[in-house]
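K.L.:
Here it is, the structure, as structure tokens.
Coordinate-derived values only; no laboratory data. Treat the numbers as computed from the prediction; the structure is a model and nothing was measured. Please note: Cβ atoms are built from the backbone with ideal geometry, for glycine as well, and neighbour counts cover all protein chains shown.
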Amino acid sequence: MAAADQPVRKVTIVGGGTAGWMTAAVLSQWLSKVEITLVESDEIGTIGVGEATIPHIRNFLALAGIDALKMISESKASFKLGIEFVNWGADGERYIHGFGKIGRDMLWLHPHQLWLAAKARVPEKVLSFDHYSINCVACHKNKFAFPDTRNRNSPVADMEYAYHFDASLFARYLRSECETRGVKRVEGRINEVIQNPETGFVEKVRLTDGREVEGDLFVDCSGMRALLIGDALGIGYDNWNKWLLCDRAQAVPCASVSPITPYTRSTAKKAGWQWRIPLQHRIGNGYVYSSDLISDEEVAESLLRDLDGEAMADPRPVRFAPGRRLKSWEKNVIAIGLSSGFLEPLESTSIHLIQTGIHRLLAMFPAIGFNRADIDEYNRQARYEYEDVRDFIIAHYKVTRRSGDPFWDHVREMDVPDSLNERFDLFRSSGRFFKHGAAELFAEESWVQVLLGQGFEMHADPVTEFVGDEDLVGFLQDLADTIEEVADGLSDHGELLRQLPSSTPPTEVASSPQVSFKISYDRANAS
């Protein structure tokens, strides 16, 4: 281990999988003078933290020096424009939480404010909110395009996307890239963590065959076992199951069907929800649930019954505790991935939380020794981020009109964190949203789509009272018409995937002619 006045020269990553190899990919790209070793065992199965991502994954690929198109080819990836929520507000209802911008503003009034006003005054002339987002309409049509900023007035300029990928293939691809950069992989199972008797710092890990792997800095990617941060250093866990009841999942792949949809689907079920993630070669499915309110057998039957294609395996069970580690960095150990916490994959944040943990590690990488100020700041940011994502996920459960099942009756009536109630109160008053900090993950568009999609009742900004009915309807109709026209001209998602080159750097140019927004200056400034 490095002395107090010596720089970190050896980083040892404990655990592979998505978290371990993502960490190795970034560190090996940027820390050329640091020796990186990753210890993993083929005997220990990895838990796929999710196959769906959010747009920030593209920042990770760039930071790690990963060719996006090669990643798509190697991991059988598809594109993701958003998440479709089925039966969450009430049975028979559905909406899409799409990435990217929603429509265009009228002065400072956002589209959802205008939509709320029009819905209250002329409801018969208002379409569902999905019609005002290019991502949502493209999802409905199974279309896709890379964002094209050459024409800022085009809806395609505001398209955002992420990926669905096979998590095991993704980790395997990252491993191959890392090993070409000099990352050393050690195969073996750890049976002892050796600490300095005076400081408690981890000095090395001992494998079952007696080999020892030293390090100055250890990154705990050992999953829910939390071998270093939990077992060795004794950092406790803040369990959030009073708000997030789900504590188990069963996952199963099934055969692919056409079309390959450019979105994830989440369907509310009796005691939780079911995911559907389309890849090039199969569909990933899973049921996330509360084990206190439904049996494992009933979940397996429901999951298999609702597959789109033939099951390719038996359902695989996963147990988890929703919450976060009280500290993500303690002494010379940083926990990244499931060892630092777990929030169910409802909004595809698991891989994102790995990514931001890596970003923080790189930004606060110890220069000489380990500085308490760096450690405290890392932990402060990690706590804020987990609590921010937690509140957004809780909102999905709280804002529902489902009834008749103990699960949904409980979450509909439960008390929620004060931080979330404050959000609700502001939305209810005027449909307004303000970010509490730069590190906040979900933007106004995300909160608006979920809350409106699930039937949250709110008032429009009072300034909308000064916009006439005709101008309101005309503005919104122009948005919907233009988005519909542009979406019709985009590429079929499945066809585009088949035509992608396997390793050429991506050119983010839309594959169809652009159509400008048809909103006149006069109408945009109507009052």
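K.L.:
Grab every C-alpha pair in segment 131-210, bin the distances at 5 angstrom width from 0 up to the longest one, and report whole percents.
P.N.:
Reading upward from the zero bin: 3, 11, 11, 10, 10, 11, 9, 8, 6, 7, 9, 6, 1.
K.L.:
When the dipole is taken about the Cα centre of the chain, and only Lys, Arg (+1) and Asp, Glu (-1) are charged at their Cβ, what size is it in debye, to the nearest 20?
P.N.:
820
K.L.:
Only bridges whose two residues both fall in the chain count here: according to DSSP, what percent of them are antiparallel, nearest 5?
P.N.:
Of those bridges, close to 70 percent are antiparallel.
K.L.:
Next up: Could you calculate the contour length gain from F466 to S41, that is, 0.36 nm times the residue separation minus the distance between their Cα atoms, to one decimal place in nm?
P.N.:
146.5 nm
K.L.:
Kindly provide the trypsin sites (Lys or Arg not before Pro) of segment 230-324 that DSSP labels as loop, not H, G, I, E or B, and whose Cβ sees at most 13 other Cβ atoms within 10 Å.
P.N.:
K242
K.L.:
Another question about this same structure. Return the loop-located trypsin sites (Lys or Arg not before Pro) in segment 107-174 (DSSP other than H, G, I, E, B) with at most 11 other Cβ atoms within 10 Å of their own Cβ; answer none if there are none.
P.N.:
Qualifying residues, ordered by number: R150, R152.
K.L.:
Could you tell me the center-to-center distance, by alpha carbons, between segment 71-148 and segment 309-384 in angstrom?
P.N.:
Spelled out, the Cα-based centre of one part sits 30 Å from the other.
K.L.:
At 0.36 nm per residue, minus the direct Cα-Cα distance, what do N371 and D231 gain on full extension? Give it in nm, one decimal, please.
P.N.:
Contour length minus Cα-Cα distance gives 48.1 nm.
K.L.:
Please identify the longest segment of the chain free of exposed chymotrypsin sites (Phe, Trp or Tyr not before Pro), where exposed means a DSSP state other than H, G, I, E or B and no more than 16 other Cβ atoms within 10 Å.
P.N.:
109-433
K.L.:
If you stretched the chain out fully between A62 and S32, how much longer would it get, using 0.36 nm times the residue separation minus the C-alpha to C-alpha distance?
P.N.:
Length gained between A62 and S32: 9.1 nm.
K.L.:
Could you tell me which residue out of A77, H112, P501 lies farthest along the dipole of the chain toward its positive end? Charges go on the beta carbon: Lys and Arg +1, Asp and Glu -1, centred on the Cα centre.
P.N.:
P501
K.L.:
Then there is this: Would you mind giving the average projected area, over all directions, of the Cα convex hull of the chain in nm² with one decimal?
P.N.:
Average of the hull's projected areas for the chain equals 24.8 nm².
K.L.:
Give me the net charge of H164's neighbourhood, meaning all other residues with Cβ under 12 Å from the Cβ of H164; Lys, Arg count +1, Asp, Glu -1.
P.N.:
+3
K.L.:
May I ask you to evaluate 6.51 cos²θ - 1.76 cosθ + 1.60, the Karplus curve with θ = phi - 60°, for each residue of segment 249-262 and list the ³J(HN,Hα) values in order in whole Hz, giving x for glycine and proline?
P.N.:
8, 10, 10, 8, x, 9, 5, 6, 10, 9, x, 7, 6, x
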